[in-house]
Each structure stands twice: as C-alpha cells, then as structure tokens.
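S.K.: After the structure tokens below, expect a handful of questions from me.
The values are calculated or read from the model by the stated rules, or taken from the named source; none is laboratory data. None of these values were measured; they are calculated from a predicted model. Note that we place each Cβ from the backbone using ideal geometry, even for glycine, and neighbour counts take in every protein chain shown. When the accessible area is computed, the model is the full protein with side chains, heavy atoms only, and any ligands, DNA or RNA have been set aside. Shrake-Rupley method; radii C 1.70, N 1.55, O 1.52, S 1.80 Å.
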Amino acid sequence: MILLWLILAPVLGGLAAWRCGRSGVQWPRWMTTLTLAAELGLVLAAWTTSSMPMGPAESSNWRLQFDVPWIPQLGIRFHLAMDGLSFWLALLTAFLGLAAVAASWRETVACPGLFHLNLLLLVAGVMGVFLALDLFLFYFFWEAMLIPMYFLIILWGDAGRRYAGTKFFLFTQLSGLLMLLAILALFFLHGRATGEYTFAYEKLLRVRPPPGTEMWLLLGFAAAFLVKLPAAPLHSWLPEAYASSPTAGSVLLAGLLSKTGAYGLLRFVIPFFPGAADRFACAAMVLGVISILYGALMAFAQTDLKRFIAYSSVSHLGFVLLGIFAWNQLALQGVVIGMLCHGLSIAGLFLLAGVIEERLRTRDLRRLGGLWAVAPRLGAVTMLFALASLGLPGLGNFVGEFLILLGSFQAHPGLAAAATAGLVASVIYALWLVQRVVHGENVRRLAPLDLQPRETGVFAALILALLWIGLYPQPVLDTAGPALEGLQHASRLALTARPPAPAFPKIAGLSFKIDAPRPSP
C-alpha cells in the first residue's frame, strides 16, 4: 500500500496547494514542501520496512509490490513494484523535488497554487514511471508526466516559452505514440501465443517476436526513450525547453525526466528485445559517443548559462547511453551511479542559474564574472558543481563515468577510447565556466547578495550527496546490483528459453485477423 501512497501523496498535496493558493503566496510553497518531505520519508520507509523476498530468479528482486485489477477485461492491472534500481530513482525524485522548491523559494510566479499543483503532478508522474510494472500503466504515467511539464514551460517560462513548450510536447508525444504501438504489438503477440491478453511486465518478457518484428518493436520503445534522454540527434527540443523553464521546472526536467529515458532503456528495451538489442548496440553506442562530443562542443558556443548547462547535460548523458548498451556489470553499475550523480549535479547547476538570474537579472555569460569577490559562498558553490561536472575524483560523477568507460572498453574498445575525448572536453568547458562566472570584473559593481541560509542548506545537501557517492559508492552498488543482475538474467533467458511468437498476419494483399481479447482462465 505504501507504493500507492507514493503516487497519491503528490496528487493530494498538489490539490491542497492549489486550494491554498487563494490564501496567499507562502501557503502553496509550504504545502508543497511538506508534501515532498513526506514523499521522501515514504520512499525511505518503503525500502527499510520491507525485506528481500526469496523466490524464482526472475521475480526475487522485487522488494515491494502493489497489484490490483484495474481494467480486467483488457488484462490491465494497477501493478507497482520497487527493486534496488527503482528505489534509488524514486529517492532521487523526492529529493530533487524538495530541493527545487526550497532553493527557488523566492522566485515570483503568477498563480502560485496552480504552479505547485503542476509541480507535484509532475513528481507523481515521474514516480509512477519508476514504479509501474504493467506496460499500459507505465505508458499512462509516461504521458501523464508530459502534461504538467508542458504547462510549467508555457505558463511560467521565459521568453520563447510557447515555442519551447510546443516543441517539447510534439517530440515527446509523437515518440510516445511509437512506444504505444510497440506495447500493443507485444500485447497481441502474447495473446496469440498463449490465449492470454495482458500487459503484465513479467509475462510480456516471455514473448519472443519474429526477428524482423523484434527490431521494429525495439525501435518503437527506443524512440520514446532516446528522445527523453535525450540523445543526439533527437535532442533539439532540449535547449529551448531547459532555457525557457522556470528554475524548479528546469531542475525536474533535467534531473528527473531525462532519467526516465535511461530507466526505460534499462528496464524494457534490452530485456524485452535482446536479439535486436545486440544488433542495435553498436549504433546506440555510436549515438552515445556523438552525444558526448557534440554536447561538449555545443556548450562552448553558448552565451546563455541555461543553454550551456543544457548542452553539457547532453554530453554527460551520452555516457549513460554508452554504458547501457555495453550491457555488462561494470558498465551498468556506472550507469546507475551516473544517473544519480548527473541528477544531483545538473540540479545544482540549474539552481545556481536561477539564483544568479534572480540576483543579477541576466544569464548572459558575457555579462557575468567576479562572483567570488562579491558573493564568496555563491562563487564557491559554482566552482564545486563545475568540478563535479568535469568528473573530479572524489565526487560521484567520476565514479559513474570511470565505471562506464571500463565496462564500455570491454564491449567496444574503439568507442570507449573515443568517449574519453569527452572527458577532456568536459574539463575544458567546466573550467571555462568557472573563469567566466567566478573570476573577472564584470559584476563586482552590482554587489549581488550572497547565498542565504536556506539556499546554502540546499546546495550543501546536494554536494554532500555527491561526495558520499564519490567516496563511498558501495551502498548504491549493493542495493542496485541484484536488480541489474536480474535484468541481465532476463535478457539471457530471452535469447535461449522463449519460444518464438506467431508472426503478425500480413496486411497488404492477404487477410488480416486478430482474435478478440479473451479473459485469462
């Protein structure tokens, strides 16, 4: 039942914040903060109060489950589950949501009740994506998180917000429809093979599509996940969306929504279609390397701080894509660490961008500089997050990228070697950012206010989390390890044990008939 409350709490809290919006500006903020603090406590309670079940290999990794019928006539169930992988991502969701609200407390927004309603609905949608174990339910949450993010951009964003919001909506909606077609194909393939029409994750894992069909289904899923990650060249919605979003929206968009794409590749694409994934792996790793190098080069060309951070995010997420399709234990461990630390560091950078814009009324890198002299705490925090971005040893980003490169070298040495050029580029552009923002003379005369205690506390929590993972990553690896091994085990079984499913009837020139869904015996 606690998993259900992880979805309901942000929805109910959002409605309460919307209602509180009639009483002033502060009440919605306090309601949102209390809701997200409770959400963080619920995630920790869900993990600490449950025990690892003992059962068959393919199901023993689920620490906690909630499963009730939803639309039984179509084989749809409201099935939520948590393992080590989804636990860390759910924890990141609640933590970044709380940090975003706390750090952007002074940001002035119109209709604060409606703003915080959309913020909490977005958190609920992301949480649902990480917990859903029914593919129809997963798609429901995948689309549900799109709507509040769209409104956050077009209603509370900067100049160009309507264009950015529309582009974000079109990219994610069209790619999501391709995933829906692939989900329906699995639904009918399983029904034709077994007589049972269902969207259950573990049952659809046993479907083995014909080789030609398998690649098309993989591409349907991968399109949605690569757009949301995003990977070049499917990233063009990202700079406008990141730059036009309000501070809290940018934090959740960069820190959380991009992780849903990586999670989908891990949870669905390779375990469901291991044969096609093996053939697609080299192309996907090439896309990862392109994203690493392209994002780094484009970061140098930016004069807007948020767009700089956006392109650096593309570069770092290229390592995640590279590690996923390397698909060995070292690389996958690096992927989990990389996802968590990218979420923490990119959230810190966007919060810094919001603080700088609030103080100086500009994000133009050509007009920034000298923060160290007039705002030493702000300058020091900027330097720390820049060092995290370049992968300084001792911080979590280094651990993730190091493990990814080790695992990728085992799978494809040439591409791993090419990806290391991205590390060199990240050092250059991170130090360039420090030089442009922290040093220099441009803004000394403006004397901006330094970080307040509330903001300092938020940044300190983010930095301590990065230091903890960088210096002692073993708890993360131990917790997520069984889930990663389970995904690898599922993909191996799919290659050897599953009988092939019947092919789809031909449409052009021949008959077309699919039996109506029948209830399970």
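S.K.: All but one of (1) surrounded by fewer than 24 Cβ atoms within 10 Å (Cβ to Cβ); (2) in contact with an Asp or Glu (Cβ under 9 Å, 6 or more places away or on another chain) hold for VAL68, so report the exception by its number.
M.R.: For VAL68, the failing item is (2).
S.K.: Can you pull out the residues in region 57-67 that are of a type in the set (Ser, Thr, Tyr) and at pLDDT 50 or above?
M.R.: Matches in region 57-67: SER60 only.
S.K.: Of all residues in region 322-342 being more than 18 Å from VAL286 (Cβ to Cβ) and of a type in the set (A, V, I, L, M), which is most open to solvent (accessible area, probe 1.4 Å)?
M.R.: Ranking the qualifying residues of region 322-342, first place goes to LEU330.
S.K.: Looking only at region 145-160, decide whether some residue is under 18 Å from the mean Cα position of the chain (by Cα), among the hydroxyl-bearing types (Ser, Thr, Tyr) and closer than 22 Å to LEU15 by Cα.
M.R.: Checked region 145-160: at least one residue is under 18 Å from the mean Cα position of the chain (by Cα), among the hydroxyl-bearing types (Ser, Thr, Tyr) and closer than 22 Å to LEU15 by Cα.
S.K.: In addition: Keeping to region 324-348, report how many residues are within 19 Å of ALA421 (Cα to Cα) and in contact with a Ser or Thr (Cβ under 6 Å, 6 or more places away or on another chain).
M.R.: 2
S.K.: Quick one: which residue in PRO475, PRO482, PRO413 is closer than 30 Å to LEU330 by Cα, within 21 Å of the chain's Cα centre (by Cα) and free of Cβ contacts under 8 Å to residues at least 24 places away in the same chain?
M.R.: Criteria check complete, one pass: PRO475.
S.K.: Filter region 31-51 for residues that are among the hydroxyl-bearing types (Ser, Thr, Tyr), at pLDDT 75 or above and either assigned to a helix (DSSP H, G or I) or open to solvent by less than 40 Å² (accessible area, probe 1.4 Å) (or both) and give the result.
M.R.: Scanning region 31-51 gives THR32, THR33, THR35, THR48.
S.K.: Based on what the data block shows, is GLY165 over 17 Å from the mean Cα position of the chain (by Cα) and surrounded by fewer than 22 Cβ atoms within 10 Å (Cβ to Cβ)?
M.R.: no
S.K.: Taking the options PRO10, PRO28, name whichever one is touching a Cys at 6+ places or on another chain (Cβ under 8 Å), part of a helix (DSSP H, G or I) and either open to solvent by 20 Å² or more (accessible area, probe 1.4 Å) or farther than 30 Å from GLU485 by Cβ (or both).
M.R.: After applying the criteria, what remains is PRO28.
S.K.: Report, by residue number, each residue of region 1-28 that is in contact with a Pro (Cβ under 8 Å, 6 or more places away or on another chain) and at pLDDT 90 or above.
M.R.: ALA17, TRP18
S.K.: Please indicate, with yes or no, whether at least one residue in region 90-107 is without any contact (Cβ under 8 Å) to a residue 60 or more places away in the chain, part of a helix (DSSP H, G or I) and either open to solvent by less than 40 Å² (accessible area, probe 1.4 Å) or not polar (S, T, N, Q) (or both).
M.R.: yes
S.K.: Looking at region 496-506, can you tell me whether even one residue there is in contact with a Phe, Trp or Tyr (Cβ under 9 Å, 6 or more places away or on another chain), modelled with pLDDT under 85 and loosely packed, with under 14 Cβ neighbours inside 10 Å?
M.R.: So far as region 496-506 goes, yes, one or more of its residues are in contact with a Phe, Trp or Tyr (Cβ under 9 Å, 6 or more places away or on another chain), modelled with pLDDT under 85 and loosely packed, with under 14 Cβ neighbours inside 10 Å.
S.K.: Among the residues of region 441-451, is there at least one that is among the polar types (S, T, N, Q) and at pLDDT 90 or above?
M.R.: The answer is no; no qualifying residue exists.
S.K.: Working carefully through the options GLY348, GLY379, GLY394, find the one that is crowded, with 19+ Cβ neighbours inside 10 Å, within 27 Å of the chain's Cα centre (by Cα) and either at pLDDT 85 or above or not in a helix (DSSP H, G or I) (or both).
M.R.: When all the criteria are applied, what remains is GLY348.
S.K.: Name every residue in region 171-224 that is touching a residue at least 40 places away in the same chain (Cβ under 8 Å), more than 14 Å from ARG267 (Cβ to Cβ) and open to solvent by 50 Å² or more (accessible area, probe 1.4 Å), in order of residue number.
M.R.: Answer for region 171-224, where residues must be touching a residue at least 40 places away in the same chain (Cβ under 8 Å), more than 14 Å from ARG267 (Cβ to Cβ) and open to solvent by 50 Å² or more (accessible area, probe 1.4 Å): PHE171, LEU178, PHE188, ARG192, ALA193, ARG206, ARG208, PRO211, LEU219.
S.K.: Go through region 141-153 residue by residue and tally those that are among the β-branched types (Val, Ile, Thr) and surrounded by 18 or more Cβ atoms within 10 Å (Cβ to Cβ).
M.R.: The qualifying residues number 1.
S.K.: For the structure I just gave you, tell me whether MET54 is surrounded by fewer than 16 Cβ atoms within 10 Å (Cβ to Cβ), closer than 18 Å to PRO482 by Cα, at pLDDT below 95 and not small (Gly, Ala, Ser).
M.R.: It is true that MET54 is surrounded by fewer than 16 Cβ atoms within 10 Å (Cβ to Cβ), closer than 18 Å to PRO482 by Cα, at pLDDT below 95 and not small (Gly, Ala, Ser).
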